[in-house]
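No value in this document is a laboratory result; all are computed from the given coordinates. The shown structure was predicted, so the numbers you read here are calculated from the model rather than taken from an experiment. As a convention, Cβ positions derive from the backbone with ideal geometry for all residues, glycine included, and neighbour counts pool all protein chains shown.
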Amino acid sequence: MVNLETNEGLVVGYYGILLIDNTVVGFPAESIINPNQTGRIRKIFGVIEDGQIRFTIDGVTSPTTLVGLPLDPGLRITLFDYEIRRFRAIRTGIISGNLYYHVWYQGV
């Protein structure tokens, strides 16, 4: 049984850094597809540093410097299941943001 709030049933996978600049980006394939093929990616937890970003997770709306939810440096974000695939982000100013994150996957 998996509990996404307590991480019960999940195994921490790997650590990554997503550079968020003036081009809309999402998580790289290795963050969405478990490279070890040992379980399904279920959760990403991260912290934004350096510059403010805006992001969307609806899979339809593309973020811009004015559209999307703002995330300031030092704030944390947790994404689950389908939100990981739909996550898109862009920086809001001249300073790019760096999203430092860990991936959890459901063990087999």
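Note on segment 10-106: with charges restricted to the Cβ of Lys and Arg (+1) and Asp and Glu (-1), its dipole about the Cα centre is near 240 debye.
What per residue convex hull volume, in Å³, do the alpha-carbon atoms of segment 37-108 yield? Spell out each step's value before the answer.
Details: hull volume 5.7 nm³, N = 72.
Considering the Cα atoms of segment 37-108, their hull volume per residue is 80 Å³.
What order, most packed first, do the peptides 93-104, 61-72 have when packing is the mean number of other Cβ atoms within 10 Å of each residue?
Working: 93-104: 17.2, 61-72: 13.9.
With the highest mean Cβ count within 10 Å placed first, the list reads 93-104, 61-72.
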